[in-house]
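Scroll down for the structure; my scribbles are underneath it.
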Amino acid sequence: METIQSGQSGVKADSARALLRQKIKESEQSADPPLSSSRLISESTDAINSILAAAGCPPSSRAFIDAVIGAAHSRLTSDRLDEWFEASDLEIARGALVDRRDSMSVAALKKWTQRHRKALFDWQRQSGYTLIECAPGGQDEEKNNHPTRYLVPVIAAAAETLVEARADSAWQRAPEKAMRQAAKIAVAGLPSTAAKRERFRRHRQDATAMLKRNTATIKSLFKKNLDILARKAGFDAAGLIASAQQHFDEMVKEAQAALDEVIEQASALVVELLVVELWRVLRAKARRRSQARGVWTLLSTPHR
């Protein structure tokens, strides 16, 4: 898998991971009870919660963040925390909506991911904190589809938070306080890079390009529907489809010509209104100048 490295944050992530492993090893070799898996899971979850609280992350984004973190666990190819990984919108939604994913359609699940990803990134742009980065999926030059790619700085921040909190002298008597203090420091070090990075060329969004794409989509759906109806009726639809497509093309041309005429008339009307308004403004200015000259003449004329 192609990876995108992020320099300084990668060094910080690796050092945090190394320190965390060292702390676990030291605890296992000390007289204290070893750091159990359940305890590590509990403290790691607390560290993530502390990071999100310190950053002021909206609670509504928590399910999406948890799902992305869960997807990272199964897809990262090493212990590095600055590695990009791919996960589809369907996978993220199914990981977040365990209790109701079976009752939702595939389209609804994908839409859930897209909506919550957008909400999180809108908040990240406003707050300046980057918890998750993404490079949206799409088609490459060979027309191959690729899912969205993610990078999760919040994992490295949580690892750093846990390491610093356990190293704090207040950890034994007040672990919550130590975790909150460490989270504040880790949040300040979150990357400020753009949360969204484009990977592929996007379709043009101007009116002409959108009309062309939408027309092609309508023609494709029209053909599929005719084919389904013909198969249902039990006859060959080739001739019917060809005739219907020709009729459809003629309708599109007529509609486009009518639309061009409306646009031209609207443009002419706008120009006419602008000319009338400009003439009104110029007349008003000329009237004010004339009145000003009359007042000046009156004031400058000597009276006996």
Checking Phe248 against (1) surrounded by 11 or more Cβ atoms within 10 Å (Cβ to Cβ); (2) without any contact (Cβ under 8 Å) to a residue 24 or more places away in the chain, the condition it does not meet: (2)
Pairs returned, first residue in region 222-241 that is modelled with pLDDT under 70, second residue that is of a type in the set (Asp, Glu), beta-carbon separation under 8 angstrom, 6 or more apart or interchain, are Ala237/Asp227; Ile241/Asp227
Leu76 - would you say it is at pLDDT below 90 and under 30 Å from Ala182 (Cβ atoms)? yes
(1) at pLDDT 90 or above; (2) out of contact with any strand residue (DSSP E or B) (no Cβ under 7 Å at 6 or more places or on another chain); (3) outside any helix (DSSP H, G or I): which one isn't true of Tyr150, the others all being true? (2)
Within region 110-135, track down each residue that is surrounded by 20 or more Cβ atoms within 10 Å (Cβ to Cβ) and of a type outside the set (Lys, Arg). Trp112, Thr113, His116, Leu120, Gln124, Tyr129, Thr130, Leu131, Ile132, Glu133, Cys134
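Here's the yes/no breakdown for (1) outside any loop (DSSP other than H, G, I, E, B); (2) modelled with pLDDT of 90 or more; (3) on the phi > 0 side of the Ramachandran plot; (4) among the hydrophobic types (A, V, I, L, M, F, W, C):
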{"position": "Val154", "(1), (2), (3), (4)": "yes, yes, no, yes"}
{"position": "Ala157", "(1), (2), (3), (4)": "yes, yes, no, yes"}
{"position": "Glu164", "(1), (2), (3), (4)": "yes, yes, no, no"}
{"position": "Met179", "(1), (2), (3), (4)": "yes, yes, no, yes"}
{"position": "Ser192", "(1), (2), (3), (4)": "no, no, no, no"}
Among (1) of a type in the set (Gly, Ala, Ser); (2) at pLDDT 90 or above; (3) touching a Lys or Arg at 6+ places or on another chain (Cβ under 8 Å) - the single one Ala174 does not satisfy: (3)
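The values are calculated or read from the model by the stated rules, or taken from the named source; none is laboratory data. Keep in mind that what you see is a predicted model, and the values were worked out from it rather than measured. Heads up, the Cβs are rebuilt from the backbone with ideal geometry, glycines too, and the neighbour counts pull from every protein chain shown.
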